[in-house]
1. May I ask you to sort TYR340, TYR172 by Cβ crowding, counting other Cβ atoms within 10 Å and putting the fewest first?
2. Could you tell me which of the pairs LYS255/LYS283; LYS112/LYS157; LYS112/LYS205; LYS114/LYS297 are separated by over 21 angstrom between their Cα atoms in the structure shown?
3. How charged is the neighbourhood of PRO265? Take every other residue with its Cβ under 12 Å from the Cβ of PRO265, and add Lys/Arg as +1 and Asp/Glu as -1.
4. Loop-only check: which chymotrypsin sites (Phe, Trp or Tyr not before Pro) in region 1-100 are DSSP coil with at most 14 other Cβ within 10 angstrom?
5. Per-residue HN-Hα couplings for region 10-15, Karplus 6.51 cos²θ - 1.76 cosθ + 1.60 at θ = phi - 60°, whole Hz, x for Gly and Pro?
6. What does the charge dipole of the chain about its Cα centre add up to, to the nearest 20 debye, if the Cβ of each Lys and Arg holds +1 and the Cβ of each Asp and Glu holds -1?
7. R0 = 56 Å: FRET efficiency of ARG344 with THR322, Cβ-based, nearest 0.05?
8. Given the options VAL186, VAL214, VAL247, state which has the largest fluctuation in a GNM of the chain using a 10 Å cut-off (strictly under) for Cα springs.
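No lab work stands behind these numbers, since they all come straight from the coordinates. These figures come from a predicted structure and were not determined experimentally. Note: ideal-geometry Cβ built from the backbone for every residue, glycine included; neighbour counts use all protein chains shown.
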Amino acid sequence: MSCLQSWPEPVARVQHLLDSGLLEIPECYVKKPSERPSFTEYATSDMNIPVIDLQDLFSDDNSLRQTTNNLVASACREWGFFQVVNHGISHQLMAATQEVWREFFHLPLEEKQKYANSPITYEGYGSRLGAEKGVSLDWSDYFFLHYLPISLRDEDKWPKIPVSCRELVEKYSEEVVKLGGKLMKVFSKNLGLKENYLEEAFGGKENMGACLRVNYYPKCPQPGLTLGISPHSDPGGMTLLFPDEKVSGLQVHHKNKWITVKPLPKAFIVNLGDQLQVLSNAKYRSVEHRVIVNAEKERVSLAYFYNPRGDIPIKPVEELITEDNPPLYPCMTFNEYRLYIRTRGPCGKAQVESLKSSH
Ligand code: OGA
Ligand code: NI
């Protein structure tokens, strides 16, 4: 499988473009008029994605647990996106981890450049998604790292400064991966599968993929012309996002309109990715989302991706296939699958939909 070895153009750090006092954004960040945030149609502003209290998921009472499972099932079917509260992860840990990353992005450029990434693994400090020359760029920088499988974890590639960064990432990852495992059990049960089915399909507890992408969205002098991340669905299994609680920006595409998510304090935003659409044979669907930026405030978000291990073949689950419901997607490993977005950049739901029609 071929993969570009280096970026085709010199990489500009969006955050540092601003240091020069720039008033107009460079052409490569300007979106076509039809893709600009001001052009697209919005849902009424009181609309929000569902909020689910997970407290009862951990209860001894069967019927309370079932009620929560049912809420998750309907959010998965109807939205593919929901917020969870009372999820069991300490807010202090969440806030401290987010803060340490904010400090990282505020370090001098030379320090961050030590971690500059390449399109081979994407690990490290990055500023683009899509390795082809001339792809449209988004108004954000990021840091990407692997936590699982353990064979890919390399703490030397995580920031050494701020000094508490590695330890916080370690603790945060452990907690978020645990929560992800609980949600995967709920998804498995709701799909009528054994509780451990999805986790095993992803490679098992220690071998599944879990990676963190910290997004840094600098202030933008012309927020109406660009996007922090262009529309995309997440290629993996499931994402657990800790958004910036003070600055909204995430928008979810629902019934042909964009909804701006209003983050609840202490909540995680959960969304389904393409691999769950494939495994569930489209019973669950990944959902397109994007990020808008603004002129007044920077924004930091922590996106945890819960993925199949890269080399495991993923295809619709046999138990969910019938004569009336034939498999919609071909078998493919996640390493093969994610080359598409890594080469072309965010493309809405083009990839998972094109697989369907070609099969
Ligand atoms: C992502 C993503 C949303 C956000 O990293 O894939 O969609 O709010 N992030 O930062
Ligand atoms: Ni995303």
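1. TYR340, TYR172
2. Distance filter (> 21 Å) returns LYS112/LYS205; LYS114/LYS297.
3. +1
4. Passing both the DSSP loop test and the Cβ count: PHE39.
5. Result, ordered by residue: x, 8, 9, 7, 4, 4 Hz.
6. Roughly 440 debye for the chain.
7. 0.95
8. Taking springs between Cα atoms under 10 Å, the residue moving most is VAL247.
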